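A short write-up of the structure that comes next.
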Ligand SMILES: [Zn+2]
């Protein structure tokens, strides 16, 4: 969503597949009234024919991989996706009840009516392209270039879609207490700038498929096929020029490359084509004096396109982006075209998700903290909250003692690192203060209108933050989400209730697998405060170098050890992990697992731990750790992830980590020369 523009993507544990591409298993699913249970250490997921010292991931997950083929409507299938699917099924049960209940609360009316309008595909299909027609007509009616440029402001504010660039509010990297406006790169229909520029056969094929998709969408909206073909070529040309001017994903990991705070007057002088004061007024923010321009060179490319491309081509570009952003809220031909390109072609997904799942996801996205309240009340016991809060505190303690004993860090840097750690805010389960949706109108039977009003509500909420102090209670994920994040500018770790469910956090289990799994996740997020990106922010969340030169070099050397190791892993064919892109996540995996292990040892030091099911307590910690990452992935999706995902594939996130932990080799009796034993381990923390 364009209004969710953040300069530095907070580091998620996983990269979520785009929501419209999420889906369901082949057997007809039913709404759930209770969450299913599977244990945090699952013996049926093991493959005991594999020696854990040869391939620990296979040993821990081989059974899971065999027992859990990828459903036809999924690009990949893993422990997180399976739990996310169960959460959705459970939310489906809540929404069905809310849709039908009598004497509903206003919250039940909103989520229930949003859901049932979305489920009414007969009415949606009858409308065809009609709901988006006013927008298309407004674009067509623009008399000249000047009018088109002036229309970008209202278009961005009122219409979903990324038109040439993105804009929104952002926490000021240099002053973490304030929120400022930001203009950032955007405007592409393919997932990354590299898709436009790479010359290999696969990339050529994808561009062909994308051209066909653009043509199809324009044709569905009423263009002749000859016209759509001409327009698609123009759109591709415009986007390719924007792509050339965009930073790469690796470049975007450097926060300074995207921080260019300037006055509006300066922006107007550098990029004079758009009237920026007018543009900002159209977003609802008057009196903006300074803002961040994430990629100034990109804005020059936007100016170039707006002044040199033929007017008709610019209009075609705007029409297409309005259409593709609305495609999943329109009739099934639009939705199918969108699925065929973004899910089938780009991710290898075979089958469209069932409607219920698409609709549950849409309610979660638009009304997440209303629906989330019901989810939390039913699935997140106060006792689980208490235990996971305690575990987080213990893991922070473990990190503290690690930092105190690091031999390579100078006293000055150490003191700052401890201060930063001490300042981290722990947000567990759900927000202390729920979002207020009372100004958002949800109407029964008006699906498209609901999606537009919800997007508008979110855009207004986002822009309204400009000029106000930062709200540190805000969450970037909804409570049912199966994911977690660290935000370097907030200096907080966030664990939604959705990720603290079995098998990830299992209230019925003893500590070993829970610390291995959820403990490592908590450690992972915490360690992001000190990865290649997070270490550049201080305790207050300000972009500020607080490292001595020697310490910074010592740290980078240690990260390079992991970069070299992960670059050797093959994702698919001859594609290796781009470890410059994944190193932040790899460091977080290594540091997180180590401190979870230390915290677990400390938490259980007074207990006499005995083997269970033939595994020692240490072995159970590591199997619990490994089993969060069990996965099966389609080849097309692997390619997409290798190009865009800052996370390494599951096998590397397990084997690449345990090989650096001597505690693992000891636990399983692995000997030098075996694949899971490295001659020289990487040690960051
Ligand atoms: Zn992460």
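What follows is calculated from the coordinates using simple rules that are stated; it is not laboratory data. Not measured: the values here are computed from a predicted model. For neighbour counting, all protein chains shown are included, and Cβ atoms are generated from backbone atoms with ideal geometry for every residue, glycine included.
Between segment 542-585 and segment 607-645, what's the alpha-carbon centroid distance in Å? Comparing the Cα centres of segment 542-585 and segment 607-645, I get a distance of 22 Å. Cα centroid separation, segment 204-225 to segment 75-125: 32 Å.
Give me D for segment 267-372 in µm² s⁻¹, whole number, from Stokes-Einstein with Rh from the Kirkwood sum over alpha-carbon pairs, 10 °C and 1.306 mPa s. In µm²/s, the coefficient rounds to 90. Let me know the shape class of segment 254-303, please: from the alpha-carbon gyration tensor, a ≥ b ≥ c as square roots of the eigenvalues, rounded when a/c is under 1.5, otherwise prolate if a/b is greater than b/c, or oblate. Oblate, since a/c reaches 1.5 and b/c is not below a/b. Of the peptides 515-523, 432-440, the ranking by mean beta-carbon count within 10 Å, highest at the top, reads 515-523, 432-440. Across all C-alpha atoms in segment 612-651, the radius of gyration and Dmax reach 14.5, 41 Å. Return the tail of the calculated pair distribution for the chain, meaning the percent of Cα-Cα pairs more than 42 Å apart. Roughly 25 percent, rounded to a whole number. Of the three principal axes defined by the Cα atoms of segment 321-456, the extents in descending order read 62, 36, 27 Å.
Taking the average, over residues, of other Cβ atoms within 10 Å as the packing measure, peptides 303-315, 215-227 rank 215-227, 303-315 from highest down. As a rough footprinting exposure proxy, the listed residues 608, 634, 319 were ranked by other beta carbons within 10 Å of their own, and the order from fewest upward is 608, 634, 319.
Below 8 Å, C-alpha to C-alpha, sequence gap of six or more: please give me the relative contact order for the chain in percent.
Details: 1174 pairs, mean separation 157.5, N = 685.
Across the chain, relative contact order equals 23 percent.
Relative to the longest principal axis of the Cα atoms of the chain, the long axis of helix 56-67 makes an angle of roughly 60 degrees. The eigenvalues of the Cα gyration tensor, multiplied by 5 and square-rooted, give segment 195-236 an equivalent ellipsoid with semi-axes of 22, 9, 7 Å from largest to smallest. With contacts taken as Cα pairs under 8 Å at a separation of at least 6 residues, segment 570-685 carries a relative contact order of 36 percent. DSSP beta bridges confined to the chain are antiparallel in about 75 percent of cases. Roughly how tilted is helix 382-404, in degrees to the nearest 10 and between 0 and 90, from the longest Cα axis of the chain? Between helix and principal axis, roughly 70 degrees.
Counting pairs of alpha carbon atoms under 8 Å apart in space and at least six apart in sequence, what relative contact order in percent does segment 465-565 give? Write out the running numbers ahead of the final one.
Working: 92 pairs, mean separation 21.6, N = 101.
Relative CO of segment 465-565 lands at 21 percent.
If one computes the Cα centroid of segment 371-412 and of segment 265-339, what distance in Å separates the two points? What the calculation gives is 41 Å, centre to centre.
Quick check: the angle from helix 447-464's long axis to the longest principal axis of the chain, C-alpha only, nearest 10 degrees? Around 70 degrees separate the two axes. Peptides 263-271, 165-173 ranked from most to least packed by the mean count of surrounding Cβ atoms within 10 Å: 165-173, 263-271. Under 1.5 on a/c is rounded, so check that first for segment 540-669, then, if it is not, pick prolate when a/b is larger than b/c and oblate when it is not; a ≥ b ≥ c are the square roots of the alpha carbon gyration tensor eigenvalues. It comes out oblate by the Cα gyration axes. Sorted fewest first by neighbouring Cβ atoms within 10 angstrom, 682, 561 come out as 561, 682.
I need the shape label for segment 176-283. Rule: rounded when a/c is under 1.5, else prolate if a/b > b/c, else oblate, with a, b, c from the alpha carbon gyration tensor. Can you show the working numbers first?
Numbers: a/c = 2.79, a/b = 1.58, b/c = 1.76.
Oblate, because a/c is 1.5 or more while a/b does not exceed b/c.
In plain terms, the C-alpha convex hull of segment 538-604 casts an average shadow of 6.8 nm² when viewed from every direction.
How do 605, 631, 96, 585 rank when sorted from fewest to most other Cβ atoms within 10 Å of their own Cβ?
Details: 605 8, 631 22, 96 17, 585 25.
Ascending Cβ contact count within 10 Å gives the list 605, 96, 631, 585.
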